[in-house]
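**Student:** Below is a structure I'd like to ask you about.
The values are calculated or read from the model by the stated rules, or taken from the named source; none is laboratory data. Keep in mind it's a predicted model, so treat the numbers as computed, not measured. Backbone-built Cβ (ideal geometry, glycine too); neighbour counts: all protein chains shown.
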């Protein structure tokens with residue numbers, strides 16, 4: 001019996017290999033043979049957090065178009081970026097619908113282009129209406145508290161920036177979204193993100209087996225309770241809008257703006273948008289900040305040049321927008337761009353579906369319904385797009401040499417699906433870096449080996465799970 005089953009397995013694998021290699025519509029797309037026969041290798045690479053690094057090496061070996069699974073292709077050229085990301089005909093794959101089933105309807109999971117465009121306009125209009133308050137919220141609920149906490153430390157001190165920036169950004173987004181203080185920085189506990197994670201699990205299980213929550217199972221009741229608690233936080237924020245003395249929260253602004261445009265969001269919609277604010281905003285922004293300071297620690301000359309730029313200026317940042325900060329701190333802008341290029345918080349992306357017209361890209365034809373991914377990590381480390389792509393060189397973004405680099409830069413994606421939180425994330429990166437380097441010295445390790453080993457589960461993190469850097473208050 002065992003011999004019979006083994007023979008059947010060998011026949012099946014041989015058949016799949018022959019079909020995928022010689023008869024599949026994607027047979028001419030280059031790539032490792034083991035990736036084309038089944039989805040298992042691709043899934044394993046993602047599960048281990050190493051997909052972004054493997055795929056980068058595959059592109060350097062096979063070229064700008066690589067087959068990474070039976071019906072999935074990865075592309076990195078500027079032509080691919082322009083053709084796929086900037087064209088609304090390339091809708092996201094069915095994974096996004098599964099995500100919508102899990103966490104509801106929001107700016108990330110809405111698929112029809114007209115519906116997505118309407119939600120995007122609502123979100124951007126809401127954020128724009130709060131622009132004058134953003135710097136104040138970032139300062140009052142985040143930077144001031146973190147600076148005070150750090151100044152209370154004696155002499156030089158070490159900080160795990162992965163945790164610290166996670167607390168910082170949670171406090172900022174929590175205050176922005178709900179107009180409430182969660183004080184993660186001082187408590188060093190992230191209850192809000194804990195509720196968020198549990199609520200995601202609640203949605204995932206509820207959409208598969210809704211009846212199971214009727215059973216008296218402790219862990220499931222914990223997930224259900226987390227969902228209720230997050231709803232209460234959102235509801236409390238909405239109720240606070242009736243008090244004219246209260247500042248308005250982003251969730252309140254969402255509700256008001258959606259009413260104005262005649263497409264009022266339900267309570268579940270508002271909770272879903274809250275989840276995306278927390279999921280998409282906290283970990284990604286904290287990751288971006290952590291990698292930025294990691295590179296400053298790795299490249300002391302860059303750190304010294306940046307510290308000089310920041311400390312030589314005395315500017316009131318409260319009323320400045322991102323474009324104004326870019327003009328006032330040009331070198332910081334270059335450092336941010338280079339850090340996001342080398343270590344984008346979202347190193348991989350959702351695949352898109354090739355439309356009925358098909359796609360000819362870099363000499364390779366992709367038939368309709370092929371899944372194509374423009375992954376940020378390999379795209380922004382491609383030698384075709386950037387010279388010496390693995391080197392941290394902020395000056396590549398200078399006005400003279402930076403011409404043409406904006407097209408393959410997809411740290412926030414591109415086109416109609418470009419990250420709506422781009423302005424907020426850049427604002428936080430600018431303000432946090434200026435705050436820290438104007439008040440604290442970073443003790444760089446001049447003899448350490450240059451490395452940037454990372455894993456990517458949802459966002460890009462160091463393999464060790466932490467960046468522990470040493471600081472000291474200036475004049476301390």
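**Student:** Just the residues that are modelled with pLDDT of 75 or more, loosely packed, with under 14 Cβ neighbours inside 10 Å and in a loop (DSSP other than H, G, I, E, B), please, taken from the stretch 213-254.
**Tutor:** 215, 216, 217
**Student:** Out of curiosity, is residue 320 farther than 24 Å from residue 376 by Cβ and out of contact with any strand residue (DSSP E or B) (no Cβ under 9 Å at 6 or more places or on another chain)?
**Tutor:** yes
**Student:** Report, ordered by the first and then the second residue, all pairs with beta carbons closer than 6 Å, sequence separation of six or more or different chains, a first member in the stretch 167-181 that is on the phi > 0 side of the Ramachandran plot and touching a residue at least 40 places away in the same chain (Cβ under 8 Å), and a second member that is part of a helix (DSSP H, G or I) and surrounded by fewer than 24 Cβ atoms within 10 Å (Cβ to Cβ).
**Tutor:** Listed pairs, sorted by first residue: 179/237.
**Student:** Please work out if residue 126 is in contact with a strand residue (DSSP E or B) (Cβ under 9 Å, 6 or more places away or on another chain), buried (at least 17 other Cβ atoms within 10 Å of the Cβ) and farther than 18 Å from residue 467 by Cβ.
**Tutor:** Working: in contact with a strand residue (DSSP E or B) (Cβ under 9 Å, 6 or more places away or on another chain): no; buried (at least 17 other Cβ atoms within 10 Å of the Cβ): yes; farther than 18 Å from residue 467 by Cβ: yes.
No; evaluated as a whole, the condition is false for this residue.
**Student:** Being crowded, with 18+ Cβ neighbours inside 10 Å and out of contact with any strand residue (DSSP E or B) (no Cβ under 7 Å at 6 or more places or on another chain) is the filter here, so list the residues in the stretch 12-44 that pass it.
**Tutor:** Matches in the stretch 12-44: 20, 24, 37.
**Student:** From the list 357, 339, 349, 284, exactly one residue is modelled with pLDDT of 95 or more and either surrounded by fewer than 22 Cβ atoms within 10 Å (Cβ to Cβ) or under 23 Å from residue 146 (Cβ atoms) (or both). Which is it?
**Tutor:** Answer to the selection: 339.
**Student:** Follow-up question, since we're still on this one. Give the residues of the stretch 24-80 that are more than 27 Å from the chain's Cα centre (by Cα) and closer than 22 Å to residue 460 by Cα, sorted by residue number.
**Tutor:** Within the stretch 24-80, none qualify.
**Student:** Does the stretch 48-68 contain any residue that is surrounded by 17 or more Cβ atoms within 10 Å (Cβ to Cβ), over 24 Å from residue 364 (Cα atoms) and out of contact with any helix residue (DSSP H, G or I) (no Cβ under 9 Å at 6 or more places or on another chain)?
**Tutor:** Yes, the stretch 48-68 contains a residue that is surrounded by 17 or more Cβ atoms within 10 Å (Cβ to Cβ), over 24 Å from residue 364 (Cα atoms) and out of contact with any helix residue (DSSP H, G or I) (no Cβ under 9 Å at 6 or more places or on another chain).
**Student:** Find all pairs meeting these conditions: Cβ atoms under 8 angstrom apart; at least six residues apart or on different chains; first residue within the stretch 429-449 and at negative phi and surrounded by 22 or more Cβ atoms within 10 Å (Cβ to Cβ); second residue modelled with pLDDT of 95 or more and in a loop (DSSP other than H, G, I, E, B).
**Tutor:** Final answer for the pair search is 430/329; 434/329.
**Student:** In the stretch 131-170, which residues are surrounded by fewer than 19 Cβ atoms within 10 Å (Cβ to Cβ), within 22 Å of the chain's Cα centre (by Cα) and closer than 30 Å to residue 260 by Cα?
**Tutor:** Hit for the stretch 131-170 is 131, nothing else.
**Student:** Let me ask you something else. Which pairs turn up if I take residues in the stretch 17-32 that are free of Cβ contacts under 8 Å to residues at least 24 places away in the same chain and look for partners that are exposed (fewer than 12 other Cβ atoms within 10 Å of the Cβ) with beta carbon separation below 8 Å, at least 6 apart in sequence or on another chain?
**Tutor:** From residues that are free of Cβ contacts under 8 Å to residues at least 24 places away in the same chain, the pairs are 17/33; 21/33.
**Student:** Something else: Return yes when residue 294 is within 24 Å of the chain's Cα centre (by Cα), over 15 Å from residue 437 (Cα atoms), surrounded by 15 or more Cβ atoms within 10 Å (Cβ to Cβ) and touching a residue at least 40 places away in the same chain (Cβ under 8 Å) and no when it is not. Explain how you work it out, then say what you get.
**Tutor:** Details: within 24 Å of the chain's Cα centre (by Cα): yes; over 15 Å from residue 437 (Cα atoms): no; surrounded by 15 or more Cβ atoms within 10 Å (Cβ to Cβ): yes; touching a residue at least 40 places away in the same chain (Cβ under 8 Å): yes.
Spelling it out, it is not the case that residue 294 is within 24 Å of the chain's Cα centre (by Cα), over 15 Å from residue 437 (Cα atoms), surrounded by 15 or more Cβ atoms within 10 Å (Cβ to Cβ) and touching a residue at least 40 places away in the same chain (Cβ under 8 Å).
**Student:** Quick one: how many residues across the stretch 446-474 are touching a helix residue (DSSP H, G or I) at 6+ places or on another chain (Cβ under 8 Å), outside any loop (DSSP other than H, G, I, E, B) and modelled with pLDDT of 85 or more?
**Tutor:** The qualifying residues number 7.
**Student:** Take residue 259 and decide whether it is out of contact with any strand residue (DSSP E or B) (no Cβ under 7 Å at 6 or more places or on another chain), under 30 Å from residue 123 (Cα atoms) and without any contact (Cβ under 8 Å) to a residue 60 or more places away in the chain.
**Tutor:** Taking the combined requirement at face value, the residue satisfies it.
**Student:** Assuming residue 426 fulfils every condition listed in (1) part of a loop (DSSP other than H, G, I, E, B); (2) crowded, with 18+ Cβ neighbours inside 10 Å apart from one, which condition is it?
**Tutor:** Exception for residue 426: condition (1).
**Student:** Only one of (1) touching a strand residue (DSSP E or B) at 6+ places or on another chain (Cβ under 7 Å); (2) crowded, with 19+ Cβ neighbours inside 10 Å; (3) free of Cβ contacts under 8 Å to residues at least 40 places away in the same chain; (4) under 30 Å from residue 170 (Cα atoms) fails for residue 111. Which number is that?
**Tutor:** Failed condition: (2).
A quick yes/no check of all residues on (1) modelled with pLDDT of 85 or more; (2) part of a helix (DSSP H, G or I); (3) touching a helix residue (DSSP H, G or I) at 6+ places or on another chain (Cβ under 7 Å):
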residue: 211; (1), (2), (3): no, yes, no
residue: 256; (1), (2), (3): yes, yes, no
residue: 294; (1), (2), (3): yes, yes, no
residue: 302; (1), (2), (3): yes, yes, yes
residue: 310; (1), (2), (3): yes, yes, yes
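**Student:** Also, I was wondering about something else. Of 108, 26, 99, which residue is part of a loop (DSSP other than H, G, I, E, B) and closer than 30 Å to residue 197 by Cβ? Steps first, please.
**Tutor:** Values: 26 fails: closer than 30 Å to residue 197 by Cβ; 99 fails: part of a loop (DSSP other than H, G, I, E, B).
Testing whether each residue is part of a loop (DSSP other than H, G, I, E, B) and closer than 30 Å to residue 197 by Cβ leaves just 108.
**Student:** I need the full set of residues from the stretch 71-82 which are buried (at least 21 other Cβ atoms within 10 Å of the Cβ) and in a helix (DSSP H, G or I), in order please.
**Tutor:** 80, 81
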